[in-house]
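J.: One structure follows; several queries about it will come next.
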Amino acid sequence: MPAVTFHVDAALFDMDGTLVNSTAGVVGAWELFKEKYPDINIEDILSSAHGVRTVDNLRKYCGIEDPQELTSEASRFEMAIVTESTAKGRPGILKLPGVARAIQEINSGRRYPNPSWAICTSATREYALAALASAGIDVPDAFVAAEDVKVGKPAPDPYLLGAEKCGVKPENCVVFEDAPAGIQSGKRAGCKTIGFLTTHDKTQMETVKPDFLVPNMASVSLKLSQGGGIDVTVEMD
């Protein structure tokens with residue numbers, strides 16, 4: 001199938017599994033939390049928790065309901081991702097394939113008053129900033145973290161807010177996601193969606209029907225448009 005090119009007013013990126021690979025750190029953090037919550041099943045959690053806010057995962061899997069405890073434990077968990085990503089010889093938090101090239105092409109469009117791209121993550125701001133710094137990715141002015149929305153993915157709130165911060169309509173945006181919950185969030189916001197096969201298998205991703213499904217960012221080319229926004233080219237197999 002030939003390449004498909006289209007124009008958007010803004011690109012909205014998930015972070016973990018889309019821009020960066022933090023899997024080693026996530027596994028390490030759950031292993032650390034199992035010491036305190038021995039009944040959790042890490043394998044089960046890893047199969048379904050990706051793309052969902054940490055507070056929602058801790059509520060579901062660890063049974064934490066107290067708001068203050070949730071906030072405290074979410075912060076502890078996410079910072080453990082950073083520290084555990086390099087523990088026991090793990091590789092750290094790294095850019096995924098194609099991300100360095102893509103970000104380089106659009107990096108100058110990250111500033112207000114008219115940003116052409118945003119990061120909309122289910123992670124807390126503290127962890128997201130640490131993870132992006134570790135991976136060497138500049139933080140765009142239009143940035144949405146877990147605490148910026150009342151309801152996280154798969155609800156549309158994160159991507160609706162991302163489009164708002166870019167000053168554009170969500171239906172004129174494209175969402176880049178690696179998780180079914182994130183694709184659902186983008187679709188419910190009215191955005192075009194591009195799914196990656198970095199953390200979930202093809203069957204899982206096809207279930208939520210992204211507009212495009214490719215291995216990773218290496219299959220996508222981005223270019224800032226002279227009139228504003230971004231030209232997106234997707235290389236289809």
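J.: Tally Lys/Arg at +1 and Asp/Glu at -1 over every other residue whose Cβ is under 12 Å from the Cβ of residue 51; what's the total?
T.: -3
J.: If you build a Gaussian network model of the chain, linking Cα atoms that sit under 10 Å apart, which residue out of 70, 160, 19 swings the most?
T.: 70
J.: Restricting to DSSP loop positions (anything but H, G, I, E, B) with no more than 14 other Cβ atoms inside 10 Å of their own Cβ, which GluC sites (Glu not before Pro) remain in region 52-87?
T.: Loop-located and lightly packed - 65.
J.: Suppose all protein chains stay in the model; what accessible area per residue would a 1.4 Å probe give for region 117-218, in Å²?
T.: 37
J.: Do the sum for the chain: with -39,500 (n - 2.57) for every DSSP H run of n ≥ 4, divided by all residues, what is the mean residue ellipticity at 222 nm, to the nearest 500 deg cm²/dmol?
T.: After summing the helix terms and dividing by the residues of the chain, the value is -11500 deg cm²/dmol.
J.: If the limit is 21 Å between Cα atoms, which of 150/209; 165/202; 95/223; 202/223; 150/187; 150/202 go over it?
T.: 150/209; 165/202; 202/223; 150/202
J.: Next up: List, in order, the whole-Hz ³J(HN,Hα) value for each residue of region 220-236 obtained from phi through the Karplus relation with A = 6.51, B = -1.76, C = 1.60 and θ = phi - 60°; use x for Gly and Pro.
T.: 10, 10, 10, 8, 5, 8, 4, x, x, x, 9, 8, 10, 10, 10, 8, 9
J.: If ligands, DNA and RNA are left out, what is the accessible area of residue 7 with a 1.4 Å probe, given in Å² to the nearest 10?
T.: Solvent-accessible area, nearest 10 Å²: 90 Å².
J.: Right, something else. Output ³J(HN,Hα) for region 42-58: one whole-Hz value per residue in order, computed from phi by the Karplus curve 6.51 cos²θ - 1.76 cosθ + 1.60 with θ = phi - 60°, and x for Gly and Pro.
T.: 4, 4, 5, 4, 5, 7, 9, 8, 5, x, 9, 4, 4, 4, 6, 5, 5
J.: At a 1.4 Å probe, what is the % contribution of carbon and sulfur to the accessible area of the chain?
T.: Carbon plus sulfur share of accessible area: 50 percent.
J.: Given the C-alpha centroids of region 94-127 and region 1-56, what is the distance between them in whole angstrom?
T.: Taking the Cα centre of region 1-56 as reference, the centre of region 94-127 is 17 Å away.
J.: Assigning unit charges at the beta carbon (Lys, Arg +1; Asp, Glu -1) and nothing else, what dipole magnitude in debye, to the nearest 20, does region 148-195 show about its Cα centre?
T.: With Lys and Arg at +1 and Asp and Glu at -1, about 120 debye.
J.: Taking amide H positions as placed 1.01 Å from N in the peptide plane, with prolines and chain starts having none, which residues 5 or more places from residue 175, or on another chain, fall under 5 Å of its amide H?
T.: Excluding prolines and chain starts, which carry no amide H, the hits are 12, 192, 193, 194.
J.: Scan around residue 94 for amide H atoms under 5 Å from its own, H built in the peptide plane at 1.01 Å from N, and keep only partners 5 or more places away or cross-chain.
T.: The list, which skips near neighbours in sequence, is 21.
The values are calculated or read from the model by the stated rules, or taken from the named source; none is laboratory data. Only a predicted model underlies this, so the values are computations on that prediction, with no experimental measurement involved. No Cβ is skipped: glycine too gets one built from the backbone with ideal geometry, and neighbour counts run over all protein chains shown. Note: accessible area is taken over every heavy atom of the protein model, side chains too, but ligands, DNA and RNA are not part of it. Shrake-Rupley method; radii C 1.70, N 1.55, O 1.52, S 1.80 Å.
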